[in-house]
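Here's the structure, in structure tokens; my notes come after.
The values are calculated or read from the model by the stated rules, or taken from the named source; none is laboratory data. All values reported here derive from a predicted model rather than from experimental measurement. When we count neighbours, we look across all protein chains shown, and the Cβ atoms used for this are built from the backbone with ideal geometry, even at glycine. Heads up: the accessible areas ignore ligands, DNA and RNA and are worked out on the full protein's heavy atoms, side chains in. Shrake-Rupley method; radii C 1.70, N 1.55, O 1.52, S 1.80 Å.
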Amino acid sequence: MEGMEQWKVQVENWTNQLNQLLGQLLEQVHQVPPAQLYVAIAVLVFTVVVLLSIPLFKRKKSNTIVLTGLSGGGKTVLFYQLRDGSYHQGTVTSMEPNEGTFILRSETTKKGKIKPVHLVDVPGHSRLRPKLEEFLPQAAGLVFVVDALDFLPNCRAVSEYLYDVLTNAYVVKKKIPVLILCNKTEKVTAHTKDFIRKQMEKEIDKLRQSRSVVSAADITNDFTLGVPGAAFTFSQCQNRVTVAEASGLTGDISQVEEFIREHVKP
Amino acid sequence: MLEQLLIFTRGGLILWTCKELGSALRGSPIDTLIRSCLLEERSGLASFNYDAPGAAYTLKWTFHNELGLVFVAVYQRILHLLYVDDLLNMVKREFSEIYDPKRTIYDDFDETFRQLRMEAEARAEELRKSKQVMGKPVSNGKKQGQVNKVGFEGGNKKKSECGVARDGDDAMVKDRKMENGHSNGIHVGIKDPKGNGVVNGKENTVSNNGAFDVNKLQKLRSKGVKKTDTVADKVPKADPKKKNMKKNRVWDDSPAEAKLDFTHPADQNGDQDMHVVAAEQGQSMMDEEENVSSESEVEEDEEVERGSKADAKKGWFSSIFQSIAGKANLERADLEPALKALKDRLMTKNVAEQIAEKLCESVAASLEGKKLASFTRVSSTVQAAMEEALVRILTPRRSIDILRDVHAAKEQNRPYVVVFVGVNGVGKSTNLAKVAYWLLQHKVSVMMAACDTFRSGAVEQLRTHARRLQIPIFEKGYEKDPAVVAKEAIQEATRNGSEVVLVDTAGRMQDNEPLMRALSKLIYLNNPDLVLFVGEALVGNDAVDQLSKFNQRLADLSTSPTTRLIDGILLTKFDTIDDKVGAALSMVYVSGAPVMFVGCGQSYTDLKKLNVKSIVKTLLK
Ligand SMILES: Nc1nc2c(ncn2[C@@H]2O[C@H](COP(=O)(O)OP(=O)(O)OP(=O)(O)O)[C@@H](O)[C@H]2O)c(=O)[nH]1
Ligand SMILES: [Mg+2]
């Protein structure tokens, strides 16, 4: 407490000195002719504006790619494959997003300056879904990871989540491109991407009917998907929705990398 | 023997496991721990039980919040390992020394761990031998709350394999218990309902997992033991309020109910002046979007006030200085005042006391050791953490899109069956009618099944609703077994092509054994798509009791291998509670089931969805 008292005294001293200085400064300013003063101020303002607007121009092109999808789809494995080229000793269910700004592992051998990617792996656990919304405003692209191995039992859950993503206000308004990534395809029992695409389109078609009448008050499904009267296909979406395959475990991730580099130019 | 010890980041990357222990874990205890305990705001508990075929594990964990690390130890439950907490804390301390966010491989930790484990085992052995009661905790940890847990395992002595040696142990443990006000009964249990441990990604099928092991909860409650930790300082112990528990409702003198209440048999004759409402009362509020501004600026002023109160003692200068510099690491004691204020606030919003307590524990566990960011106060950090936790809890774990489910059932040419259960007088039939009205509006054909064959007047009451809504009703009077009536109703619906069957059941107190048995039979015989618990938004502490006992009874009386529990909640009388919305939180926390509907008035349209954002806002106001 004593230390604090001393601090207080010292700070008071400083403020007194500051006041004096200010007073001197004002006096000097009064002596300068006004025209010069205005010019000086104009120059100052101009530099400040220019300095401030540089990062604005830079930020215009976002470099954020967001990984999302149900829990257990393999997002975290993918994240580390993209970053380190390895999934290390394995993963467990994520409780928080993984974030990083880096040059993709496969590009580290390339020469020249490469623009780093800001990659975010958002946990898939349904309790943590609200987190996704935090990252959407800055997203240049969205990778929706689907477990191709365990697809059928989860088909409805996956489709519902994708529906929520595709009708999200940011995704629609900013036309964020979405890559549906069928993961774990190194296994022979994994479903093909065409099968998965068709099943999900079918499922979303049904959801369209039930959701158009009742929209969850919290998820702002302000937007309806597809063309009324026609069966839903991903090609009807305003934003670009593509399908690709990958295997996070074996490191076969070239199609994700392509997607990333298509939307975050190197 | 320890089965495994893992260190991983909150992001989910495993940094280190003990290769020496090696043996692969059966099932997926870690993922289950994370999904049904840590992410369910139960991380304040002392341990977690995991069962899979061939495995009965107990898991213990500790967080390093500043570095974002989780340390988990897994061991066979029958071995009451005494040194696990001690070991975890030491591992945490040592590992945090060498941790570097950029590094992912820590092979050099193997040796350190071997050392630590030997030390911990030796210490435990010493404790076991020394008969005299020890006053001081074994390790020199800085926070009592953590270190004092050591040795609690010994408390559950079901098997006295160790004879004399054990007695000393227990004495010691008991002594500790008194000292710290700790209880050793706090742990969640979990049974893998599918009988295998593989739960990867199957959100739907594991939904039961998260349900709180009500058993334990009850034990805890009845014993009145509380995990007080350092919270001990004069938390006002609200006496178990029973005032909200309704006795039998006197139906006649409830004028508020007048509009929809057809309970009174006299209403039977009222057919003439009853008009069909099917299309008249307008859109059900279920479909109306509610716009809640998500800005929180409004609360800013208030918060400043609160914050300043919390650290008023410290003087403005030190607190300002602190908030600019950012404090070192948050310790339990720093959090305590803010947590206590938060707990009290939650309780004034009618959140059950033990739930508020558990939530605060969990928030504390997630904040302890964290660095306070610059320009923030402890109180607002705690508040923000609590807000996140509340949003997580209230966000449904599974889809609550009933209409989609109805369509799915229709594709299989069977009706979608909803069973309404709950205690007496909470408004089951009335809200059943509201749900029916809402479904009708969405062009779903509905049938009612009057399976309350217990209370006189119940069938007539439902009949009145059915007539007003022009819905077919299936009834068999009062003599029959409700389970059989429901079965016949479903058969009838299949025949006449009704898409949804809404089954009304008798209200029953959670302690009424015969009636609970009958309900269990009804559910197992008919395997409904949705078991909807109807509860009053007015209840406080009793919410926990009602829901946990309902679930418990359903589980205990289960006659089939797959346990059916409550799938969803309908909260009634939401319009009468003002800002005391705590029941919603208590019920969701206890059961893990989402609030699917909210009844908020007297007309058929007064059925809404729960708005998570606004509830969280109200709770923290
Ligand atoms: N066979 C196979 N398994 C994979 C593949 N990618 C990931 N897995 C496994 O899937 C499980 C889950 O992977 P994670 O990366 O942790 O999943 P996640 O999507 O991050 O899950 P959350 O963090 O819960 O959202 C792990 O056991 C991985 O080993 C793959 O390409 N093939
Ligand atoms: Mg993950």
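Among all residues of the range A:37-52, there is none that is more than 9 Å from chain B (Cβ to nearest Cβ), in contact with a helix residue (DSSP H, G or I) (Cβ under 6 Å, 6 or more places away or on another chain) and either open to solvent by 60 Å² or more (accessible area, probe 1.4 Å) or outside any loop (DSSP other than H, G, I, E, B) (or both). For the condition at the interface with chain A (Cβ under 9 Å from one of its Cβ atoms), more than 16 Å from ligand 2 (Cβ to nearest atom) and buried (at least 21 other Cβ atoms within 10 Å of the Cβ), B:Trp16 qualifies. What do you reckon, is B:Leu5 part of a strand (DSSP E or B) and more than 16 Å from ligand 1 (Cβ to nearest atom)? Answer is yes for this residue. Residue by residue through the range A:96-107, note down the ones that are acidic (Asp, Glu) and within 16 Å of ligand 2 (Cβ to nearest atom). Answer for the range A:96-107, where residues must be acidic (Asp, Glu) and within 16 Å of ligand 2 (Cβ to nearest atom): A:Glu96, A:Glu99.
The strands (runs of 3 or more DSSP E) found entirely in the range B:20-113 that carry 3 or more residues being more than 16 Å from ligand 2 (Cβ to nearest atom) and touching an Asp or Glu at 6+ places or on another chain (Cβ under 7 Å) are B:69-76. With respect to A:Asp121, is the statement that it is within 17 Å of A:Pro97 (Cβ to Cβ), in contact (Cβ under 8 Å) with a residue 12 or more places away in the chain and either surrounded by fewer than 22 Cβ atoms within 10 Å (Cβ to Cβ) or among the charged types (D, E, K, R) (or both) true? Yes; evaluated as a whole, the condition is true for this residue. No other residue among A:Ala169, A:Ala148, A:Ala139 is over 26 Å from B:Ile402 (Cα atoms), more than 11 Å from chain B (Cβ to nearest Cβ), away from ligand 1 (no atom under 16 Å from the Cβ) and open to solvent by less than 40 Å² (accessible area, probe 1.4 Å) apart from A:Ala139. One residue stands out in the range A:238-260 among those that are crowded, with 20+ Cβ neighbours inside 10 Å and part of a loop (DSSP other than H, G, I, E, B): the one that is farthest from ligand 1 (Cβ to nearest atom), namely A:Ile253. Would it be correct to say that B:Ser586 is within 17 Å of the chain's Cα centre (by Cα) and either part of a helix (DSSP H, G or I) or more than 19 Å from B:Lys608 (Cβ to Cβ) (or both)? Criteria met by B:Ser586. Examine the range A:108-129 for a residue that is at pLDDT 90 or above, among the aliphatic types (A, V, I, L, M), more than 16 Å from ligand 2 (Cβ to nearest atom) and not in a helix (DSSP H, G or I), and state whether such a residue exists. Checked the range A:108-129: at least one residue is at pLDDT 90 or above, among the aliphatic types (A, V, I, L, M), more than 16 Å from ligand 2 (Cβ to nearest atom) and not in a helix (DSSP H, G or I). Looking only at residues that are within 16 Å of ligand 1 (Cβ to nearest atom) and of a type in the set (A, V, I, L, M, F, W, C) in the range A:89-119, which one is farthest from the other protein chains (Cβ to nearest Cβ)? So, considering only residues that are within 16 Å of ligand 1 (Cβ to nearest atom) and of a type in the set (A, V, I, L, M, F, W, C), the one farthest from the other protein chains (Cβ to nearest Cβ) is A:Leu119. I'd like to verify a number: residues in the range B:19-37 that are in contact with a helix residue (DSSP H, G or I) (Cβ under 9 Å, 6 or more places away or on another chain) and surrounded by fewer than 24 Cβ atoms within 10 Å (Cβ to Cβ), how many? Residues flagged as in contact with a helix residue (DSSP H, G or I) (Cβ under 9 Å, 6 or more places away or on another chain) and surrounded by fewer than 24 Cβ atoms within 10 Å (Cβ to Cβ) within the range B:19-37 amount to 2. Against the criterion of being touching a residue at least 60 places away in the same chain (Cβ under 8 Å) and open to solvent by 30 Å² or more (accessible area, probe 1.4 Å), B:Lys549 qualifies. For the range B:1-13, taking the residues that are more than 16 Å from ligand 2 (Cβ to nearest atom) and open to solvent by 10 Å² or more (accessible area, probe 1.4 Å), the one that is farthest from A:Gly124 (Cα to Cα) is identified as B:Met1.
Filter the range B:397-427 down to residues that are in contact with a helix residue (DSSP H, G or I) (Cβ under 7 Å, 6 or more places away or on another chain) and within 14 Å of chain A (Cβ to nearest Cβ) and give me whichever is nearest to B:Met587 (Cα to Cα). This residue is B:Arg397.
Taking (1) open to solvent by less than 10 Å² (accessible area, probe 1.4 Å); (2) within 14 Å of another protein chain (Cβ to nearest Cβ); (3) away from ligand 2 (no atom under 16 Å from the Cβ) in turn, A:Arg156 satisfies each apart from (1).
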